[in-house]
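The structure appears below as structure tokens.
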Amino acid sequence: MTDRPRRHTNSNTTPARIRAASALIAAALLIGGCAAPGARTGEGLSPLERLAQRQIDRPATQTTTATPPQGLDLTAIDPSADPRARASLDAALDHFAQAPLPASVGGAEAHPPAAVSEQDRDEALRRYIAGRSALVGGDVQEAIARLDEASQYDPNEPSIWRTLADAHWISGDRLAAYAAYAQTIRLE
């Protein structure tokens with residue numbers, strides 16, 4: 001008898017396991033759409049779906065090069081039509097830092113007074129804490145109200161403006177958030 005090295009056989013590589021793995025791969029491809037019947041031919045699709053798929057596969061040049069109707073605001077359709085949409089982050093921050101803060105946003109003045117009394121500073125701190133607590137507790141509208149009051153008592157404190165901006169951002173009021181962030185940048 002010769003001493004031949006024994007071949008290692010993996011007991012997991014049986015024909016039944018290979019067939020099962022092949023079936024799983026085929027099922028994954030079928031579910032994923034790679035081997036879905038009619039994927040290329042559009043079988044089983046409505047006429048509108050077939051048209052949409054054809055437009056995706058081969059866009060018609062008439063639709064991609066047509067001029068828009070007169071009076072249509074292109075920025076509503078294509079944000080890249082607005083040159084500000086392509087501005088760098090630094091340019092956008094510079095724009096907000098230089099823009100005057102509207103008096104209607106957050107009830108704040110565009111140019112805060114230089115001197116704040118100690119009593120006003122203390123009251124601003126109380127309202128800031130109440131607003132911050134409300135924001136942490138999930139009551140965004142209460143937080144905005146308290147932080148807005150705090151900004152009126154001490155309009156020179158950037159942390160009040162930053163937290164107010166965060167509250168406006170969470171509430172979805174992006175304009176007020178941008179304005180409050182701009183005020184924060186001015187004060188820091």
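What follows is calculated from the coordinates using simple rules that are stated; it is not laboratory data. Since the structure is predicted, the reported quantities are computational estimates derived from the model, not experimental observations. Here Cβ is always computed from backbone atoms with ideal geometry, including for glycine, and neighbour counts include all displayed protein chains.
Taking H placed 1.01 Å from N in the peptide plane, check which residues at least 5 places from Ala87 or on another chain put their amide H under 5 Å from its amide H.
Here nothing satisfies the definition.
Can you tell me which of 162-169, 47-54 comes out highest on packing, and rank the rest after it, using the mean Cβ neighbours within 10 Å?
Highest mean packing first, the order is 162-169, 47-54.
For Ala87 and Ile129 in one chain, what is 0.36 nm times their gap in residues minus the Cα-Cα distance, to one decimal in nm?
11.5 nm
Would you work out the Kirkwood radius for the stretch 118-188? I mean one over the mean of 1/r across all pairs of different Cα atoms, in Å.
Values: mean 1/r = 0.0871 Å⁻¹.
Taking the inverse mean of 1/r over all distinct Cα pairs, the stretch 118-188 comes out at 11.5 Å.
Please find the FRET efficiency linking Thr65 to His95, where r is the Cβ-Cβ separation and R0 is fixed at 22 Å, and quote it to the nearest 0.05.
Efficiency at R0 = 22 Å is approximately 0.10.
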